[in-house]
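Asker: Structure provided below as structure tokens; questions to follow.
The values are calculated or read from the model by the stated rules, or taken from the named source; none is laboratory data. All figures in this text were calculated on a predicted structure; none of them were measured in a lab. All Cβ positions, glycine included, derive from the backbone under ideal geometry; neighbour counts span all protein chains shown. Side chains are part of the model used for accessible areas, which takes the heavy atoms of the whole protein and leaves out ligands, DNA and RNA. Shrake-Rupley method; radii C 1.70, N 1.55, O 1.52, S 1.80 Å.
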Amino acid sequence: MSLSSVQSTLSTLKSCQADIGSCMDMISDVALGIVEAQGMDNSPALKKLEEMILECSRLDREINCFVESVDEMTAQVRHEPPEAMVQLRNSVEGRFSELMAGVSDADLQRHSKVVAFKDNVRKYAMQAGQTVAENEEELDEDIAVTQSQTNFICPLTQVEMVNPMKNKKCNHYYDQGAVLEMIKAKQKNKKKFRCPKVGCGNIDVKQSDLELDLVMKRMIQNHKRQSGKT
């Protein structure tokens with residue numbers, strides 16, 4: 001085993017992580033479809049999807065733990081004699097087991113996409129009028145905020161968004177393709193990307209600030225259907 005082959009394996013695993021993230025987004029989108037069709041946010045089908053997204057969260061955490069264990073052990077091997085590479089696999093397996101032993105169900109629940117899954121299902125259900133009585137006051141406030149922010153036009157392209165991304169810092173929306181391309185272009189020129197929404201004081205928009213908003217995406221799709229657009 002060589003360090004170059006180890007790094008190649010890690011690159012493949014990181015690509016798998018991107019696929020896991022896409023899968024989690026798909027699960028969330030299917031969940032919103034179920035809420036829309038059934039008019040409830042507590043069906044058995046949704047429970048099954050929640051179990052699926054938690055399993056994806058576990059896979060994602062396993063990859064993170066494995067990458068961390070490999071990084072730690074290879075860093076040690078670099079400063080040891082070549083024969084130490086023989087023990088690299090055992091060292092990585094041991095450290096990986098230690099890291100995974102510290103992963104709890106609560107950790108999996110805190111995965112950003114798991115949190116988003118639950119939040120999106122709740123918000124979409126309340127937007128459809130399926131508000132749980134004991135949470136009525138709180139949810140009504142959320143509806144008011146959501147409705148006040150609803151704007152389907154991307155400030156960058158000036159056309160209706162396809163894949164809306166929400167800026168977690170200023171709560172403004174942009175189409176995914178346009179904003180990621182703009183951030184990339186600004187970074188290439190060593191410049192900061194300012195939020196294009198008129199009056200916004202956010203002068204440094206980063207990709208890490210953005211998250212795909214599946215509820216907004218479905219609202220746009222429904223708007224298109226209702227208005228006869230395709």
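Asker: Looking only at region 17-44, count every residue that is touching an Asp or Glu at 6+ places or on another chain (Cβ under 9 Å) and either more than 18 Å from Lys123 (Cβ to Cβ) or among the charged types (D, E, K, R) (or both) and tell me the total.
Answerer: 3
Asker: Return the residue satisfying two criteria in turn: it lies in region 26-44 and is free of Cβ contacts under 8 Å to residues at least 12 places away in the same chain, over 21 Å from the mean Cα position of the chain (by Cα) and part of a helix (DSSP H, G or I), and of such residues it is nearest to Lys217 (Cα to Cα).
Answerer: It comes out as Ala37.
Asker: Here's another thing I want to ask about it. Is it the case, given these coordinates, that Ala37 is modelled with pLDDT under 90, under 30 Å from Val215 (Cβ atoms) and not charged (D, E, K, R)?
Answerer: Answer is yes for this residue.
Asker: Could I ask something else about it? Over 16 Å from Ala116 (Cβ atoms) and surrounded by 15 or more Cβ atoms within 10 Å (Cβ to Cβ): does that describe Ser57?
Answerer: For Ser57, the condition - over 16 Å from Ala116 (Cβ atoms) and surrounded by 15 or more Cβ atoms within 10 Å (Cβ to Cβ) - is not met.
Asker: Give me the pairs: first residue in region 109-129 and without any contact (Cβ under 8 Å) to a residue 24 or more places away in the chain, second residue hydrophobic (A, V, I, L, M, F, W, C) and in a helix (DSSP H, G or I), beta-carbon distance under 9 Å, and six or more apart or on different chains, which are they?
Answerer: Asp119/Val215; Met126/Leu139; Met126/Ile143
Asker: Testing Lys168 on (1) open to solvent by 60 Å² or more (accessible area, probe 1.4 Å); (2) at pLDDT below 70, one condition comes back false. Which one is that?
Answerer: Just one mismatch for Lys168, condition (2).
Asker: Of all residues in region 170-214, which are more than 24 Å from Ser22 (Cβ to Cβ) and among the charged types (D, E, K, R)?
Answerer: The answer is Lys186, Lys188, Lys190, Lys191, Lys192, Arg194, Lys197, Asp204.
Asker: For region 210-230: of the residues being part of a helix (DSSP H, G or I) and surrounded by fewer than 17 Cβ atoms within 10 Å (Cβ to Cβ), which is nearest to the chain's Cα centre (by Cα)?
Answerer: Restricting to residues being part of a helix (DSSP H, G or I) and surrounded by fewer than 17 Cβ atoms within 10 Å (Cβ to Cβ), the top hit is Gln221.
Asker: Let me ask something else about it. Which number in (1) part of a helix (DSSP H, G or I); (2) crowded, with 17+ Cβ neighbours inside 10 Å; (3) at pLDDT below 85; (4) not aromatic (Phe, Trp, Tyr) marks the one condition that Gln76 misses?
Answerer: For Gln76, the failing item is (2).
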